[in-house]
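*Asks:* Following this message is one structure expressed as structure tokens.
Every read-out reported here was derived from the displayed coordinates using simple, explicitly stated rules and does not represent laboratory data. Nothing here was measured: the structure is a model prediction, and the numbers come from that model. For neighbour counting, all protein chains shown are included, and Cβ atoms are generated from backbone atoms with ideal geometry for every residue, glycine included.
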Amino acid sequence: MELNEEDVFRIEDNSLARTYMKRRIVITRGKGSRVWDIHGREYIDCTTGYGVGLAGHLHPKIMDAIRQQLERLTVCHGSFYNDVRATFVEKLIRITPNGLNRMFISNSGTEAIECALKVARKFTGKPGIVAMMKSFHGKTMGSLSATWNTKYREPFEPLVPGFTFVPYGKIDRVREAISENTAAIIAEPIQGEGGVNIPPPAFFRELRETCDEKGLLLIADEVQTGFGRTGKLWACEHWHVKPDIITLAKPVGGSLPMGVTVARDDIMSSFAMGEHSTTFGGNPLTCAAASAFLDILKEEKLVEQAEIKGAEFKARLDDLKSRNPVIRETRGLGLMLAVEFRFDILNILLQSANNGLLILDAGRNILRFLPPFVITSEDITQTIAILDRVLKEGKYSVRD
Ligand SMILES: Cc1ncc(COP(=O)(O)O)c(C=O)c1O
């Protein structure tokens, strides 16, 4: 039975948890930087599944890898060895920051964080974690304890004890929050959900120095920023800092679900047998897609593409701002970009979608762009034209 649009709305609305602010679009197909809805309407996709598909929808190499692996083996628990998993692991280790060479593979960003928090506690023997205001690290109980927004946290208290929040970018406040019980500091190199916030240039170096001085671990959450999103392979490279643990997810699985926590050997080796596990983590199907994604990252120079196209996109957004006083600021690095308005942007999101453009938000008044790295100059031109039209038709004024 083929479902029509109304069927899909009805079934999802009636039977799924109401945890997402849903847009009334049934997406059924994707290719490159475009998706299509159930009526065949085309959209430029500046969301790519919240920053997942860096190589674009349905990249042929990833599709081939998945198809071939489907014919061989799809599940293989971590308690057995697997050739495809080993191939992926070797490729990833080659590009992770020097010295971070032992990993745990899971299925999502929040799981990558859970693992990082557990192993930091295990390695140091201490419970305390210093996290940042406006941070987002996920919504399972451990990650949620490190996530700033009280709207997400308060209904589920008591959360995991030992977390302290400090203002992002303020090293003095970080230092004040550290006690003899602190195990680690966790931070995003650029905050994503919190509004695409770039820290002061010295902040991550100061975090590193503080961790070295006090014997703490530095956890960099690269779930959103990793794999070139900000124009460098790891966003930490912008700040010339090597963390002790990095957390990866979103694009790593080549559009299939995967999370990875990569740490120094001595840190990850503090886990004893059985202290951490997950049934699906490192399954061969996802590893085949992830392995193909890492090949594409290198062959198609995706990181360089993000840097070049990001600069072009940012310049076009700056131009848009110069014509529209309702825009307060544009910011971002690489293809992680934001436009902050002087008012709530919900209507702009909806009208953009009606005009064939999908964008994300990052808070009430911020539009966020996480396009695939295969986005073209024509896509960018079209994106700006749609935004121009939406702003003109909406007749927004600074008072809105
Ligand atoms: C920086 C960061 N960490 C962790 C997460 C959680 O990832 P997931 O939604 O895969 O659990 C996200 C998700 O947006 C994120 O942006």
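*Asks:* Rounded to the nearest 5, what % of DSSP beta bridges with both residues in the chain are antiparallel?
*Replies:* Around 65 percent of the beta bridges assigned by DSSP in the chain are antiparallel ones.
*Asks:* Further question on the same structure: So what is the diffusion coefficient of the stretch 247-400 in µm² per second by Stokes-Einstein at 4 °C and 1.567 mPa s, using a Kirkwood Rh over Cα pairs?
*Replies:* 72
*Asks:* Here's something else I'd like to know. Starting with the fewest neighbours, write out His39, His77, His276 ranked by other beta-carbon atoms found within 10 Å of each beta-carbon.
*Replies:* If I rank by nearby Cβ atoms, fewest first, I get His39, His77, His276.
*Asks:* Continuing with the same structure: Given the DSSP H assignment, sum -39500 (n - 2.57) over each helix run of at least 4 residues in the chain and divide by its residue total; what's the result at 222 nm in deg cm²/dmol, nearest 500?
*Replies:* -11500 deg cm²/dmol
*Asks:* If one computes the Cα centroid of the stretch 60-85 and of the stretch 22-56, what distance in Å separates the two points?
*Replies:* 26
*Asks:* With a 10 Å cut-off between alpha carbons and a GNM built on the chain, which of Ala338, Ala292, Ala177 moves the most?
*Replies:* Among Ala338, Ala292, Ala177, the largest GNM mean-square fluctuation belongs to Ala177.
*Asks:* Please report the relative contact order for the chain, taking Cα pairs under 8 Å with a sequence separation of at least 6, and give it as a percent rounded to a whole number.
*Replies:* 22
*Asks:* Okay, moving on. Starting from 0.36 nm per residue, how many nanometres of slack lie between Glu5 and Arg29 once their C-alpha separation is accounted for?
*Replies:* Difference between extended and current length: 7.2 nm.
*Asks:* Same structure, new question: What size of dipole, in debye to the nearest 20, comes out for the chain about its Cα centre when the only charges are +1 on Lys and Arg C-beta atoms and -1 on Asp and Glu C-beta atoms?
*Replies:* My answer is approximately 480 debye.
*Asks:* Taking 2.2 N^0.38 Å as the expected size of a compact globular protein, what ratio does the Cα radius of gyration of the stretch 175-298 give against it, to two decimals?
*Replies:* 1.15
*Asks:* Let me ask another. How large is log10 of I(q)/I(0) for the chain at q = 0.08 Å⁻¹ when the intensity is taken from the Debye formula with one equal scatterer per alpha-carbon?
*Replies:* After summing over all Cα pairs, the log10 values are -0.43.
*Asks:* With springs connecting C-alpha atoms under 10 Å apart, model the chain as a Gaussian network and identify which of Met63, Met273, Met336 has the largest mean-square fluctuation.
*Replies:* Met273
*Asks:* Further, regarding this structure: Once Rh for the stretch 60-299 is found with the Kirkwood sum over Cα pairs, what is the Stokes-Einstein diffusion coefficient at 20 °C and 1.002 mPa s, in µm²/s?
*Replies:* In µm²/s, the coefficient is 119.
*Asks:* Let me ask something else. Magnitude of the Cβ-charge dipole of the stretch 60-299, K/R +1 and D/E -1, about the Cα centre, nearest 20 debye?
*Replies:* 200
*Asks:* Explain nothing, just the number: dipole magnitude of the stretch 231-323 about its Cα centre with +1 on each Lys and Arg Cβ and -1 on each Asp and Glu Cβ, in debye rounded to the nearest 20.
*Replies:* 400
*Asks:* Further question on the same structure: With N set to the number of residues, divide the alpha-carbon radius of gyration of the stretch 1-67 by 2.2 N^0.38 Å and report two decimals.
*Replies:* Scaled against compact globular proteins, the figure is 1.27.
*Asks:* Still on this structure, please answer the following. So for the stretch 125-199, what percent of the C-alpha to C-alpha distances run longer than 18 Å?
*Replies:* Looking at the stretch 125-199, the distances longer than 18 Å represent 36 percent of pairs.
*Asks:* Additional query: Return, for the Cα atoms of the stretch 14-143, the radius of gyration and Dmax in Å, separated by a comma.
*Replies:* 19.1, 56
*Asks:* Still on this model: Arrange the following residues from fewest to most other Cβ atoms within 10 Å of their Cβ: Val303, Val75, Val252.
*Replies:* By the 10 Å Cβ count, ascending, the order reads Val75, Val303, Val252.
*Asks:* Additional query: What full-extension length gain, to one decimal in nm, is calculated for Lys395 and Ser377 as 0.36 nm per residue of separation minus the Cα-Cα distance?
*Replies:* 3.8 nm
*Asks:* Mind scanning Lys122/Lys151; Lys151/Lys321; Lys91/Lys242; Lys22/Lys314; Lys151/Lys214 and naming the pairs with a C-alpha gap bigger than 21 Å?
*Replies:* Among Lys122/Lys151; Lys151/Lys321; Lys91/Lys242; Lys22/Lys314; Lys151/Lys214, the Cα-Cα distance tops 21 Å for Lys122/Lys151; Lys151/Lys321; Lys22/Lys314; Lys151/Lys214.
*Asks:* Based on the Cα atoms of the stretch 284-371, what semi-axes does the equivalent ellipsoid have, where each is the square root of 5 times one gyration tensor eigenvalue, given in whole Å with the largest first?
*Replies:* Whole-Å semi-axes of the equivalent ellipsoid: 30, 17, 10.
*Asks:* Right, another one. Using Cα centres only, tell me the gap between the stretch 120-197 and the stretch 279-356 in whole Å.
*Replies:* Cα centroid of the stretch 120-197 versus Cα centroid of the stretch 279-356: 25 Å apart.
*Asks:* I've got another one for you. Let me know the shape class of the stretch 84-181, please: from the alpha-carbon gyration tensor, a ≥ b ≥ c as square roots of the eigenvalues, rounded when a/c is under 1.5, otherwise prolate if a/b is greater than b/c, or oblate.
*Replies:* Note, shape of the stretch 84-181 comes out prolate.
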